[in-house]
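To keep things clear, I will list the structure first and then write my remarks on it.
The values are calculated or read from the model by the stated rules, or taken from the named source; none is laboratory data. Keep in mind the model is a prediction, meaning the values are calculated, not measured. Backbone-built Cβ (ideal geometry, glycine too); neighbour counts: all protein chains shown. What goes into the accessible areas is simple: the full protein's heavy atoms, side chains included, and nothing from ligands, DNA or RNA. Shrake-Rupley method; radii C 1.70, N 1.55, O 1.52, S 1.80 Å.
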Amino acid sequence: ASNWEVDRLYRLVTILRHEAAHPLLMAATKLGEKKFTTLLKFLERFVFRYINIVGAHPSPLYSPYYTEAVAMRSAAASYSLDSLKGKLGNLLTDRAPAQQFRTALLAKLQYSDDSARNRQIKHFLTTLETYHASADKGDKGKKLKANDMTVFDLASTTLEHVYPQNAASALTDSKLEPLKARLGNLTILSGSDNSELGNVSFAKKKAVFSKSTVTLNRELSTYSSWDEVALEKREQRYLDLAIKVFDV
């Protein structure tokens with residue numbers, strides 16, 4: 001498995017803290033590395049949407065998890081992940097539909113002093129970055145492919161406010177001040193890029209964004225200015241991508 005695939009296990013177990021899936025994961029080791037990593041990729045995206053954002057109760061997962069775990073152990077050679085995918089897909093439709101997911105993303109992924117919440121935001125944005133090229137082509141389900149060349153270390157990845165979190169008086173915008181914690185005003189940067197930017201104007205940040213290794217940041221450099229309209233447009237970009245990416 002690649003380092004990026006190994007990181008999926010870290011994300012699922014440590015960042016999303018989805019303990020209910022531990023027996024399923026243990027059973028899935030019987031399937032071989034290829035099927036195991038495939039399981040990790042769609043389960044991680046499912047859990048983030050279903051549990052961490054929408055907040056659906058995990059109890060409906062117990063039956064499919066344990067049923068599929070038994071099937072994995074008893075017939076590993078012939079087992080197909082499509083069975084589990086179908087059950088999880090039905091749960092998303094019934095208990096975490098698209099519009100509810102969009103609304104919950106805006107409510108829950110606002111910047112705060114809560115480090116756990118901010119890790120969730122970083123997880124969300126790095127996942128969008130990883131899958132957006134495939135999603136933009138219309139890929140979904142089995143066809144959705146990750147750009148697994150980059151492994152984001154969440155500990156060294158920082159959240160950047162496009163409109164500064166602590167804007168100098170000369171840069172203060174009364175219309176953006178109440179919006180600065182919103183998802184649409186946030187992006188990800190390496191630690192060095194973030195310290196270089198600080199609380200400078202958007203015009204100066206654009207130069208850094210244009211050279212970023214993060215494609216979603218380079219998109220920011222195409223904006224002529226940063227105002228409520230631009231923030232809303234960026235936010236809708238995140239939400240539209242999320243519906244395509246966080247699905248099974």
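Going by what's in this entry, would residue 188 be described as open to solvent by 10 Å² or more (accessible area, probe 1.4 Å), outside any loop (DSSP other than H, G, I, E, B) and either in contact (Cβ under 8 Å) with a residue 60 or more places away in the chain or within 28 Å of residue 49 (Cβ to Cβ) (or both)?
For residue 188, the condition - open to solvent by 10 Å² or more (accessible area, probe 1.4 Å), outside any loop (DSSP other than H, G, I, E, B) and either in contact (Cβ under 8 Å) with a residue 60 or more places away in the chain or within 28 Å of residue 49 (Cβ to Cβ) (or both) - is not met.
Take the residues in the range 85-94 that are surrounded by 14 or more Cβ atoms within 10 Å (Cβ to Cβ) and without any contact (Cβ under 8 Å) to a residue 60 or more places away in the chain, then tell me which one is farthest from residue 46 (Cα to Cα).
So the first thing to find is which residues in the range 85-94 are surrounded by 14 or more Cβ atoms within 10 Å (Cβ to Cβ), and the list is 85, 87-89, 91-92.
In the following step, the residues that additionally are without any contact (Cβ under 8 Å) to a residue 60 or more places away in the chain were identified as 87, 91.
Values: 87: 11, 91: 10 Å.
Across the range 85-94, the extreme among qualifying residues is 87.
From the set of residues in the range 138-184 that are in contact with a Ser or Thr (Cβ under 8 Å, 6 or more places away or on another chain), assigned to a loop (DSSP other than H, G, I, E, B) and of a type outside the set (A, V, I, L, M, F, W, C), which is most open to solvent (accessible area, probe 1.4 Å)?
Out of the qualifying residues, it is 145.
Considering only the range 158-190, state which residues are more than 23 Å from the chain's Cα centre (by Cα) and small (Gly, Ala, Ser). First the steps, then the outcome.
So the first thing to find is which residues in the range 158-190 are more than 23 Å from the chain's Cα centre (by Cα), and the list is 166-178.
The answer is 167, 168, 169, 170, 174.
Hey, could you check the range 97-128 for residues that are in contact with a Gly (Cβ under 9 Å, 6 or more places away or on another chain) and without any contact (Cβ under 8 Å) to a residue 60 or more places away in the chain and say which is least open to solvent (accessible area, probe 1.4 Å)?
Filtering first and then ranking leaves 104.
Which one of these does residue 26 not meet: (1) of a type outside the set (Ser, Thr, Tyr); (2) under 15 Å from the mean Cα position of the chain (by Cα); (3) more than 26 Å from residue 100 (Cβ to Cβ)?
Single failed check for residue 26: (2).
Looking at 216, 197 in this structure, which one is within 18 Å of residue 244 (Cβ to Cβ) and touching a strand residue (DSSP E or B) at 6+ places or on another chain (Cβ under 9 Å)?
Every option except 216 fails the conditions.
Would a scan of the range 226-235 turn up a residue that is surrounded by fewer than 19 Cβ atoms within 10 Å (Cβ to Cβ), outside any loop (DSSP other than H, G, I, E, B), in contact with a helix residue (DSSP H, G or I) (Cβ under 8 Å, 6 or more places away or on another chain) and at pLDDT below 90?
no
Does any residue of the range 71-81 turn out to be more than 27 Å from residue 240 (Cβ to Cβ), open to solvent by less than 20 Å² (accessible area, probe 1.4 Å) and aromatic (Phe, Trp, Tyr)?
Yes: the range 71-81 contains one or more residues that are more than 27 Å from residue 240 (Cβ to Cβ), open to solvent by less than 20 Å² (accessible area, probe 1.4 Å) and aromatic (Phe, Trp, Tyr).
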